[in-house]
Amino acid sequence: CRKDFLSGTVGRFDNPKDFAMLVIYEIIYRAKQPRSPVHPKVVVENPSRYRIKSLLQRGIFEEYSLKETQSFLKENLENYESLRATQLKIEYIRTLEKAEDFFVHKLSFEKIYQGENGSSHRKFEVQISAFGIKKRRKDIENSHLEGIVEKFFEVTEIQFDHMTNLVKIFRKDDHPE
């Protein structure tokens, strides 16, 4: 999970403060490394050395200079420096789970339609996450996600067949879709 956040794979939040909190937790985590524990402000002051410079230029911090971001972080670190290792991990995961793209599995499918004028191809992406199952057209720019399943208690089984590009969703008291 942490590696996904650091690589930028996960990190889209409804509330930009969640991104800032994750950066603060990451700074504290790096500062408390047993090899060479330092004060978290040292990590903020030396972003290149602690390999967080790119992190300080993403998300909510994109529109600010590095100095402004460092100043903000130094002010806000004091409230969280006392977190113990387990508390830090719990808060890190709890905040990371709020990301729109947290633990999302993406499957791509192509559907071929036969018609009078020949065949047409449509490409779809199915996203499965804790927030439900959604699909969107991949062949149309800015295609919006369409909810398929929002409440998993409705679902009894999901089957994937990559050979036929088929996803079957079995719901309670219903037939497969």
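Taken together, the values in this text are just the output of simple stated rules run on the coordinates, not laboratory data. These figures come from a predicted structure and were not determined experimentally. Here Cβ is always computed from backbone atoms with ideal geometry, including for glycine, and neighbour counts include all displayed protein chains.
Ordered by the number of other Cβ atoms lying within 10 Å of each residue's own Cβ, fewest first, ARG94, ARG137 fall into the sequence ARG94, ARG137. Here the residues LYS123, LYS172, ranked from fewest to most Cβ neighbours within 10 Å of their Cβ, fall in the order LYS172, LYS123. If the chain linking LYS89 and ARG58 were pulled fully straight, counting 0.36 nm for each residue of separation and taking away their Cα-Cα distance, it would gain 9.0 nm. Candidates (1) 82, 47, 30; (2) 50, 38, 32; (3) 68, 37, 28; which is the computed Cα extents along the principal axes in Å? Matching entry in (1) 82, 47, 30; (2) 50, 38, 32; (3) 68, 37, 28: (3). For LYS138, the residues whose modelled amide H falls within less than 5 Å of its own, excluding neighbours fewer than 5 places apart on the same chain, are LYS123, PHE124, GLU125. Take the alpha carbon gyration tensor of region 1-97, find the square roots of its eigenvalues, order them as a ≥ b ≥ c, and report rounded if a/c is under 1.5; if not, report prolate when a/b exceeds b/c, else oblate. Cα axes put region 1-97 in the rounded bin.
As a footprinting exposure proxy, order THR9, THR95 by other Cβ within 10 Å, with the fewest listed first.
THR9, THR95
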